[in-house]
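Some notes on the structure that comes next.
The values are calculated or read from the model by the stated rules, or taken from the named source; none is laboratory data. From a predicted model like this one, the values you see are computed outputs, not experimental measurements. Don't worry about glycine lacking a Cβ; one is built from the backbone with ideal geometry, like all the others, and counts go over all protein chains shown.
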Amino acid sequence: MPNVQLLNQQGAVIGELQLSEDIFGVPVHQQVIFDAVVAERAGMRQGSQKAKTRAEVRGGGRKPWRQKGTGRARQGSIRAPQWRGGGVVFAPTPRSHAIKVNKKVVRLAMKSVLSEKVRENAFIVLDKIELDNFKTKSFVEVLNNVKAEGKILVVLNETNPNVELAGRNLPNVIIHNANHISVYQVLNADCLLLTQDVVSHYEEVLK
């Protein structure tokens, strides 16, 4: 059963936390992680690209010149694709890029990336994160105390206005609610910073 140190905001070790083997000790499933990340990134696409086909562009109602006798190539409309101002061949239209992935696959992918963070020692658990103000300097002190470096994903169990306001100016810090983080965000982070109640939340939700 994997264990991690439980820290306070000053960086002092105040205990040891036993993690669930079924959630934080599973082997890495590369294909499952790949499927989940591809689906998540596909869902980020707006799908709003649009161009007009020859049926949608304006003009070109009559034949530009007669079929024979001019010495030029036959043409039926000045809005055909080969003309300037003409329609686009196989023009893109707005659509959804969403890819369906089973819930069990997403859960297994999340377990895999969380377990990998634990094995890499990139998994920091605090008893709580509380700030008396929303100054960025105060939040940076907490990050320095617990030695969180690189791209940091901070996961909270409930809304914390002071923490969210203090961290939003930091380019290397992303703060999210436990219910809203994705496999891609965990995978993309160098360091995962959670509170003790978030760990309990995941052990209950992902079991």
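The set of residues from the stretch 120-133 being crowded, with 16+ Cβ neighbours inside 10 Å and in a loop (DSSP other than H, G, I, E, B) comprises ALA122, ILE129, LEU131. If you filter the stretch 164-176 down to residues that are part of a helix (DSSP H, G or I) and in contact with a helix residue (DSSP H, G or I) (Cβ under 9 Å, 6 or more places away or on another chain), you find that the one that is nearest to VAL113 (Cα to Cα) is GLY167.
So, in the stretch 182-207, how many residues would count as being polar (S, T, N, Q), assigned to a helix (DSSP H, G or I) and closer than 22 Å to GLY150 by Cβ?
Within the stretch 182-207, the first condition is being polar (S, T, N, Q), and the residues that meet it are 182, 185, 188, 195-196, 200.
Keeping just the survivors that are assigned to a helix (DSSP H, G or I) gives 185, 188, 196, 200.
Keeping just the survivors that are closer than 22 Å to GLY150 by Cβ gives 185, 188.
Result for the stretch 182-207: 2.
Please state which of the following conditions ALA80 fails to meet, knowing it meets all the rest: (1) farther than 15 Å from GLN9 by Cβ; (2) in the same structural domain as ILE174 (by TED's automatic domain parsing); (3) assigned to a loop (DSSP other than H, G, I, E, B); (4) of a type in the set (A, V, I, L, M). Every condition holds for ALA80 apart from (2).
Would you point out the residue of the stretch 15-29, among those that are in a helix (DSSP H, G or I) and touching a helix residue (DSSP H, G or I) at 6+ places or on another chain (Cβ under 8 Å), that is surrounded by the fewest Cβ atoms within 10 Å (Cβ to Cβ)?
First pass over the stretch 15-29, keeping only residues in a helix (DSSP H, G or I): 21-24.
With touching a helix residue (DSSP H, G or I) at 6+ places or on another chain (Cβ under 8 Å) added as a condition, the list becomes 22-24.
Details: ASP22: 13, ILE23: 21, PHE24: 25.
That would be ASP22.
Inspection of the stretch 182-203 identifies no residue that is without any contact (Cβ under 8 Å) to a residue 12 or more places away in the chain, farther than 18 Å from VAL125 by Cβ and either surrounded by 14 or more Cβ atoms within 10 Å (Cβ to Cβ) or in the same structural domain as LYS104 (by TED's automatic domain parsing) (or both). From the list SER48, SER112, exactly one residue is under 27 Å from the mean Cα position of the chain (by Cα), among the polar types (S, T, N, Q) and not in a loop (DSSP other than H, G, I, E, B). Which is it? One residue alone meets the criteria, SER112. Scanning the stretch 71-104 for residues that are surrounded by fewer than 18 Cβ atoms within 10 Å (Cβ to Cβ), among the β-branched types (Val, Ile, Thr) and under 24 Å from ALA42 (Cβ atoms) yields a total of 3.
One line per residue, one yes/no per condition, for (1) touching a residue at least 40 places away in the same chain (Cβ under 8 Å); (2) surrounded by 16 or more Cβ atoms within 10 Å (Cβ to Cβ); (3) touching a Pro at 6+ places or on another chain (Cβ under 9 Å):
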{"position": "VAL13", "(1), (2), (3)": "no, no, no"}
{"position": "GLN46", "(1), (2), (3)": "no, no, yes"}
{"position": "GLN49", "(1), (2), (3)": "yes, no, yes"}
{"position": "ARG58", "(1), (2), (3)": "no, no, no"}
{"position": "ARG62", "(1), (2), (3)": "no, no, no"}
{"position": "GLY69", "(1), (2), (3)": "no, no, no"}
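Screening GLU40, GLU21, GLU56, GLU16 for residues that are over 25 Å from the mean Cα position of the chain (by Cα), at pLDDT 90 or above and acidic (Asp, Glu) leaves exactly one candidate, GLU56. Per this entry, ASN179 is counted among residues that are under 17 Å from the mean Cα position of the chain (by Cα), part of a loop (DSSP other than H, G, I, E, B), surrounded by fewer than 15 Cβ atoms within 10 Å (Cβ to Cβ) and modelled with pLDDT under 90.
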